[in-house]
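Shown below is the structure under consideration.
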Amino acid sequence: MSSIERRAFLRYKISIPVHLETSDGTLFDTVTRDISLGGMQVECDSAMLNRMLPGGIKTAPGDQVYLQAKFQFPDEDESILIRAHVLGVLRLAESEFSIRLSFNEIDPTQQDQLQRLLNQ
C-alpha cells in the first residue's frame, strides 16, 4: 500500500521562533517543529497549553481557537503577522506537546514573505 502526500505546500522541518497572541491579548513565545505556507506545528509544555487553551480543544467550527502568529526576520526589522486557528494538539512526552495550526486567509504578500523566511 502506497502513501500519497496530499499536502498543498512543502513542509519544512525547521525551528523558527514565533510569537503567538490569543484573542484576549495573551502572548506566548515558542518555536516551530515544522512549517509550510499553509500552517505549522509549534512546541509547548503543559503549562503553556493550559494557559493558551484553558477550555481544551473545541471541535465545532464555530468554537475554533484563533491566534495571531508573528514571525521576525533574523537581523531585520521586518516581521510577518498571520492569523491562524488551532487544528489539534499532539502529546510528545509527559509534559511536552505540539499544537497544529492552520493559517487563515494568508495573502500573496504574506506568502511571499513567509517563503523568503523559510528560504533563509
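The values are calculated or read from the model by the stated rules, or taken from the named source; none is laboratory data. From a predicted model like this one, the values you see are computed outputs, not experimental measurements. Cβ coordinates were reconstructed from backbone atoms using ideal geometry, including for glycine residues, and neighbour counts include every protein chain displayed.
Checking residue 37 against (1) surrounded by 13 or more Cβ atoms within 10 Å (Cβ to Cβ); (2) in a loop (DSSP other than H, G, I, E, B); (3) modelled with pLDDT under 90; (4) not β-branched (Val, Ile, Thr): exactly one of these is not met. Which one?
It fails just one condition, (3).
Output the residue which, of all residues in the stretch 105-114 that are under 17 Å from residue 10 (Cα atoms) and under 15 Å from the mean Cα position of the chain (by Cα), is surrounded by the most Cβ atoms within 10 Å (Cβ to Cβ). I'd like the intermediate steps shown before the answer.
Taking the stretch 105-114 as the starting set, the residues that turn out to be under 17 Å from residue 10 (Cα atoms) are 106, 108, 110-114.
Filter once more, keeping what is under 15 Å from the mean Cα position of the chain (by Cα): 106, 110-111, 114.
Values: 106: 18, 110: 17, 111: 16, 114: 22.
My answer is 114.
So which residues in the stretch 87-120 are among the hydroxyl-bearing types (Ser, Thr, Tyr) and either touching a Leu at 6+ places or on another chain (Cβ under 6 Å) or in a helix (DSSP H, G or I) (or both), if there are any at all?
98, 102, 109
What number of residues within the stretch 82-120 satisfy the criterion of being touching a Lys or Arg at 6+ places or on another chain (Cβ under 7 Å) and without any contact (Cβ under 8 Å) to a residue 24 or more places away in the chain?
1
Now for a separate question. What is the residue count in the stretch 71-91 for residues that are surrounded by 12 or more Cβ atoms within 10 Å (Cβ to Cβ) and closer than 11 Å to residue 43 by Cα?
1
Name the residues in the stretch 92-101 that are surrounded by fewer than 15 Cβ atoms within 10 Å (Cβ to Cβ) and either touching a Gly at 6+ places or on another chain (Cβ under 7 Å) or polar (S, T, N, Q) (or both), would you?
95
If we keep just the residues of the stretch 1-25 that are at pLDDT 90 or above and hydroxyl-bearing (Ser, Thr, Tyr), which is surrounded by the fewest Cβ atoms within 10 Å (Cβ to Cβ)?
15
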